[in-house]
Every structure is written in C-alpha cells, then in structure tokens.
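One structure is given here, and the rest of the page talks about it.
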Amino acid sequence: MKKLAKLIPVLLCAILILASVPAFVFPAAAETDAMTKAMELIYEGILNHEAEIDISECGLSTDECKEVLTNFFDIYPYAFVADRSKTSFSYVSSTNTVTVVKPTYFYEADDAKAVIESVDKKVDAIVSKMKSSWSIPEKLLFIHDYIACNFEYDLSFQSSEIHSFFEKKKGTCNSYCMTFIALCNKINVPCVLESSQDMYHAWVRVQIDGQWYHVDVTHDDATPDKLGRVSHAQFLVSDKKISDRSFFDPHYGFETGYCTSEKYDNAFWTESTSSIVYLNGKWYYCSSEADQIKTGSFSSLSGLVVHSFDTMWSADGGYWPGCYSGLIAENGKLLYNTENEIIELDPSTGATRSIFTLSGGQIYSVFRDAQDALIYVKASNPNGENQSKNAFTVPEPPAEPTEFKIRFMSEGVEFASYTVKKEDVIPCPEDVPFKRSDDRARYEFSLWSGYSSNLRATEDRDFTAVFSEIAFTTAPQSTNAPSTTRNSTTRAPSTTAPASTQPANTAPASTAPASSAPASSSVPATSAPATSSSQPALTSTPAASSETVPGSTRDESGPNTPDASYSGDPEVTHNLPVKSSVSGSGSANGPSTTVADPEGPNKDKEPSSPAKDALPWIIAGAGGVVVVGGIIVIEKVVMPKRRMKNSSVAGTDDSDDKDNEERK
C-alpha cells in the first residue's frame, strides 16, 4: 500500500458536484484579488469553450474555489452555456491548491459561441435605447420597466437562464435576475444576486454612489402576467421597506445590513403601475391614484401634474377602483389610454386628440413592446382575464389650417363674420350692435370681449358684444310741498297762459288747495294766473296702462318716473304705476305744482285718455299746457267738490261749489 501510495500522482483530481451547493448564495462581502482573477479566467475559458481552465496562478484553496464558482454563475449571466451543477475542479492535495476548473457544457463549441453572441446582441440593443446623459437611477429605471413590460413569469418553471428568457419571453426569477445583471454589466453598474432560501426566490442588489439597493423586477411584474402593467414598489428600496410586513409581498430569510439607505423608498415612481417614459428631457408617468399624467424629478424625487383627465373602467354594476392608463412616448407626443380610447397629448401645449376608439371591450394599458410596436391591451377586467395584445398606429395629424372663421356675436346672434388668413390681423366691424332697452335701463355698446386691434388669427374664434347698462333714475315725489323750480331748458315752446285768466276749479293764488294742507298752513300758489276759465289744469294720474307712443324720445332735462323706458327704436312701450297724485315739473316760466285728491284717484274724475295715461313723464307749463317728449298736450282737471271742515280758506262753501258747477 505504501508503494502504491508513492505511485499516486501528486496532482489529485477532485470532482466537486455543485448540485449540493444552494442555488443562490449571497456573495462574499469582500473578494480577494486572487478570487476576482480566478473568475475572470474562468469566464474567458467558458467563452472559448475550454475543457480545462487553468487557474493555478491564483493559488485558491478548495473552499475559496467553491465560493468562486458559486458567485461566478450568479455574476456572469453568459455562463449559462455551462452546467453549474456539473462543473468540477482539480487541486493538489499536498498544498490544497486548486489548479484546474473543468466545466461541463450544454452546447457544442460552435453552438455555444453563436448562442452567446445572440444574447449579447439583444442586450446591446436594449442598452442602445438608453441615453448616455442619463444618471444611473434613470438607466436602472429604464431596465426595470423594459424587462417587466416585455417578459412574463414562467409558471411551468422550465426557463431559468437568459438565453431561453429572450427566446420564450418568459422565465423564472433567476431569468429576470440574470437579464438585469447582464444589462447592468453593460453600463458598468455593480449588480449582484440576492436570494432567500425561505422564499425560494432571488432578486438583485445594485450599487449607486456607494449605497446598495434592492431591485425585484420579478415581483414588480404581476403573476399571472398583466400586459402593460408595471409596479415600482420594489425598485431601489431599502432592507427596511422590502421586509416591511405591512408592505405588499414582504421579503424575508435574507441577510440584511447591506441596503440601509432609504433614499428612494418613497420616490415618485412608487405611485405608477405602468411604464415610465422619457420625452424631451423629462420623465412622464401615469398616476395609479388619480387620472393624472405627471413628470417625475430625479433630483427632488417628486412628481408634478401636467395633465388631468376623467375616466373610469366599468364593471358589472359599478366601476373598478384605480387608474389603468399606460403611457408611450411617440413622435414628440405622449399616448395614453382611457377606458375605450387612445389619446395623443402634446405636453408642451396641453393639446389632445383622439387617435383610436375601441368598439366593444376595454383598454387596460398601452405600451411599446420589444419590437417597438405600439400595443394596446384589450381585456375583460384589470386582472388580465381574456387579455390580448393589439398593435395600433398613430394617424397623421390633420393638415394645418390656413384660414380661420372669425365671428362677432351680439345677443347670441351673429353680427358680423370674416374669413381671415393665418397670422393676419383680425378686423373689427365698423358698425356697432345694439341691445333693446328694458323697464330698468337702456344699454350702450362697450366693446367686443377678448378682441384687441393687433390680434392675429391662429384659430377659429368668436367675440361677444359687451354692453354697459345705464339705469333710469326715479322721479322725486312731492307731498304737501312745492317742487323745486325746473332749472334746465324745456324742449317745447313756452305755453304760459295770460296772467288775466284762471281755471274755474283752481283756488285763488293767495290760498292753498283744500286737499294739500290743513287750514292753518300756507302753501305757495300755482304758477298759473287765476282769472281765466279757458285753460284746464292737470288731472290726477289714473291707474297704470300701457301705450305705444310713436317716435317718443326721452327728455333728458325733465324728471323721470321709476318705470319709464327709453330706446332709440322706432317704438317704445311705457308702463306707469298707479299714483294718487300728479307731479309735474314747471316750465321755464314757473314752478311745478301738485294737485292732491283727498278721496282717491278715481273720485269725480273724467275718463282718462289711454294715450295720455301711458305717457312716461309730464312737463307742466303755466295755464295747464303740458309738454310730453316734445309734443304739446292740453289737459282738463276736475277739482274735487268736497267741503273742507273748519277751513279758513276762502271760496270753500256751498256757494263756491255751486258757482264752480255753473262755470263748468
């Protein structure tokens, strides 16, 4: 046995079956330079399809080699061409130093090379969609959303590496992780595999500015798959948030202490359940909490509303809670969906237009797929039942108009209209509109609302006439006192009667009318002389009546009744209230007078003339001459015959009444 032992070569080969090693093991906190060098040599050897890869120069122990191989398959996604469970190594027993690693391959040499090149091109194609100016968080967000939108979880658990993931568009959590790591390697972002044996699940950790953060794309992509839906609840989160038991789908059974930064735990993307898109230097997303499109800031990590819309997704007898709009950036515009429409939004102007309407069914998202096709998702409900991918295109916008219709509107009626070329100055009508007066006021044209002299035509527009209101003033009411003398010039010729005449039923100038004051009071006499019976005095105003007076005009210098109306129209209708006295304004030659009727407005009066009853204001001159809107009218006044008791005023006994009757 001793001789046989001497014949045993110094170099011993030990085959380590890695199937006994857990599928996902957290990598060493600090790898030595020798271990890093060994992984680089192994990776180069696998890419060259070498049967034996010499790593003797690294001087690794067997334990170190086991750790290197475990981490190697978790860090280098293209190592999928070799079988992790059947890769072995050889070592020198006397020194416990590993010299050779012996991979077992799934593919022949040429096939392995072709498969790796195919995967690498697809990874490069995704990276080419990123902008070099993006920060690391921006690039990671793009990777996250791209994977979640274009791949789905394999419920058959057959696909677990990157090649089949790209081929089948589905895979397990390991496929999601390897693809994410491959993309991170391309943009030089440190990214390692994280795992939990208790959850039988894997995700990744990424490093930003020296801090590590969890990213679990698998859990952010709904299972079963909901096309176009992307959660961001587990993107760049801390140990605290990803393991929070109050948080949906908390993680457990992993080694904590590496992701302590909470910087991104409540960033703007957490309120979005669809792709976040980049357009003209800004990131846009649909809020899942409201019908809103927002911009997200990577500096403040907050969102700002740029567009709001109103839509609901109906269900049997109600509506589904939440917003199920997706977002696409296309041709400098944003595309989003409502329940049954796809809308194009220009975020710079806020202009929108409908580009597609679904007849029957509901739209639960829009997104851009891996082939850059525009996709809308038709489904029965937000749970993904009966969902289907449907391509659509954006129709050409309508031709820009070269002329615009300009209308000037007055009282809901078109007053004038013009067809104006684009950017030409909009003309203003030469004439001005009018508005009929009413029983309160008359109206004068003020301006065209929204119009200015240098305004240019950029769209069809209507301008509305604005009128200023000029209210009628209320005439002063005289009771038991003389009116003030009219100071303004009357519009009719003077009609003062000769001083030698006096109406038969008018009291002498030295006494007050019996009904206007007590016997002890003294009231100025009327301006009319008391010697003539040829000129009748003013009568009391009868009950209100309505009369159209052709060509009547308002006397601006005379008193107004509260309900009098003025208009420049051919016909004006005047409505007068019932009054128990007549107030007239004196002519230029005398003061006004008030004649009171102690027994009511209808006692012993003559039937009134409808034309005279409807007059809005009266200007009384001496001798009973009346000027109405420039028309001279002579009226007759019948004085009351009732005796005044205990009166010291002369001419109030029965003989006077009888004498008055004879005079009549």
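Cβ-Cβ contacts under 8 Å between residues 6 or more apart (or on different chains), taken from a first residue in the stretch 73-89 that is of a type in the set (S, T, N, Q) to a second residue that is crowded, with 22+ Cβ neighbours inside 10 Å and at pLDDT 90 or above, are listed as THR87/LEU69; THR87/VAL101; THR87/PRO103; SER88/VAL101. Taking first residues from the stretch 370-388 that are on the phi > 0 side of the Ramachandran plot and partners that are outside any loop (DSSP other than H, G, I, E, B) and open to solvent by 20 Å² or more (accessible area, probe 1.4 Å), the Cβ contacts under 9 Å between residues at least 6 apart in sequence or on separate chains come to GLY384/ARG229; ASN386/LYS378. For the stretch 197-256, the tally of residues that are open to solvent by less than 60 Å² (accessible area, probe 1.4 Å), more than 23 Å from MET178 (Cβ to Cβ), out of contact with any strand residue (DSSP E or B) (no Cβ under 6 Å at 6 or more places or on another chain) and not charged (D, E, K, R) stands at 5.
In the condition set (1) more than 19 Å from ASN383 (Cα to Cα); (2) in a strand (DSSP E or B); (3) touching a helix residue (DSSP H, G or I) at 6+ places or on another chain (Cβ under 9 Å), PHE367 is compliant with all but (1). In the set (1) among the small types (Gly, Ala, Ser); (2) more than 26 Å from TRP203 (Cβ to Cβ); (3) open to solvent by 60 Å² or more (accessible area, probe 1.4 Å), SER128 fails one condition alone, (2). Of all residues in the stretch 253-303, those being of a type in the set (Phe, Trp, Tyr) and more than 22 Å from TYR146 (Cα to Cα) number 2.
Residues are listed down the side, and each one gets a yes or a no for (1) open to solvent by less than 20 Å² (accessible area, probe 1.4 Å); (2) in a loop (DSSP other than H, G, I, E, B); (3) free of Cβ contacts under 8 Å to residues at least 60 places away in the same chain:
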{"position": "SER354", "(1), (2), (3)": "no, no, yes"}
{"position": "ASN390", "(1), (2), (3)": "no, no, yes"}
{"position": "GLU396", "(1), (2), (3)": "no, yes, yes"}
{"position": "ALA399", "(1), (2), (3)": "no, yes, yes"}
{"position": "PHE404", "(1), (2), (3)": "yes, no, yes"}
{"position": "MET409", "(1), (2), (3)": "no, no, yes"}
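Note on the stretch 292-303: residues that are touching a helix residue (DSSP H, G or I) at 6+ places or on another chain (Cβ under 9 Å) and part of a strand (DSSP E or B) amount to 4. Taking interchain pairs and intrachain pairs at least six residues apart, which have beta carbon atoms under 6 angstrom, with the first residue in the stretch 40-64 and within 14 Å of TYR105 (Cα to Cα) and the second in a loop (DSSP other than H, G, I, E, B)? Final answer for the pair search is TYR43/TYR76; ILE46/PRO103.
Rundown of residues vs (1) polar (S, T, N, Q); (2) part of a loop (DSSP other than H, G, I, E, B); (3) surrounded by fewer than 20 Cβ atoms within 10 Å (Cβ to Cβ), yes/no style:
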site: TYR285; (1), (2), (3): no, no, no
site: ALA290; (1), (2), (3): no, yes, yes
site: VAL306; (1), (2), (3): no, no, yes
site: ILE328; (1), (2), (3): no, no, no
site: GLU344; (1), (2), (3): no, no, no
site: PRO347; (1), (2), (3): no, yes, yes
site: ILE363; (1), (2), (3): no, no, no
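Once the stretch 418-453 is narrowed to residues that are basic (Lys, Arg) and more than 17 Å from GLU403 (Cα to Cα), the residue that is most open to solvent (accessible area, probe 1.4 Å) is ARG436. Could you list all residues from the stretch 70-87 that are over 8 Å from PRO103 (Cβ atoms) and outside any helix (DSSP H, G or I)? Answer for the stretch 70-87, where residues must be over 8 Å from PRO103 (Cβ atoms) and outside any helix (DSSP H, G or I): just TYR76. Check off (1) open to solvent by less than 30 Å² (accessible area, probe 1.4 Å); (2) under 29 Å from the mean Cα position of the chain (by Cα) for ARG456 and give me the number that stays unchecked. Here ARG456 clears every test but (1).
Exactly one residue out of ALA329, ALA370 is more than 27 Å from the chain's Cα centre (by Cα), under 30 Å from ASP225 (Cα atoms) and hydrophobic (A, V, I, L, M, F, W, C), and it is ALA370.
Contact map, the stretch 297-324: first residue touching a residue at least 40 places away in the same chain (Cβ under 8 Å) and among the aliphatic types (A, V, I, L, M), second residue outside any strand (DSSP E or B) and open to solvent by less than 90 Å² (accessible area, probe 1.4 Å), Cβ cut-off under 9 Å, separation 6 or more or different chains; pairs are VAL306/PRO347; VAL306/GLY350; ALA315/ASN381. Counted as qualifying within the stretch 129-193 are the helices (runs of 4 or more DSSP H) with 3 or more residues that are of a type in the set (D, E, K, R), namely 136-150. Does ASN454 qualify as being within 30 Å of LEU334 (Cα to Cα), of a type in the set (S, T, N, Q) and in a loop (DSSP other than H, G, I, E, B)? So ASN454 does not fit the description; no. Number of residues in the stretch 264-281 that are in contact (Cβ under 8 Å) with a residue 40 or more places away in the chain and farther than 21 Å from ASP216 by Cα equals 3.
Residues that are within 24 Å of LEU183 (Cα to Cα), in contact with a strand residue (DSSP E or B) (Cβ under 7 Å, 6 or more places away or on another chain) and in a helix (DSSP H, G or I): does the stretch 103-111 have at least one? Scanning the stretch 103-111 turns up no residue that is within 24 Å of LEU183 (Cα to Cα), in contact with a strand residue (DSSP E or B) (Cβ under 7 Å, 6 or more places away or on another chain) and in a helix (DSSP H, G or I).
The values are calculated or read from the model by the stated rules, or taken from the named source; none is laboratory data. Just so you know, these numbers come straight off a predicted model, no measurement behind them. With ideal geometry, Cβ positions are generated from the backbone for all residues, glycine too; neighbour counts draw on all protein chains shown. For accessibility, only protein heavy atoms count, side chains too; no ligands or nucleic acids. Shrake-Rupley method; radii C 1.70, N 1.55, O 1.52, S 1.80 Å.
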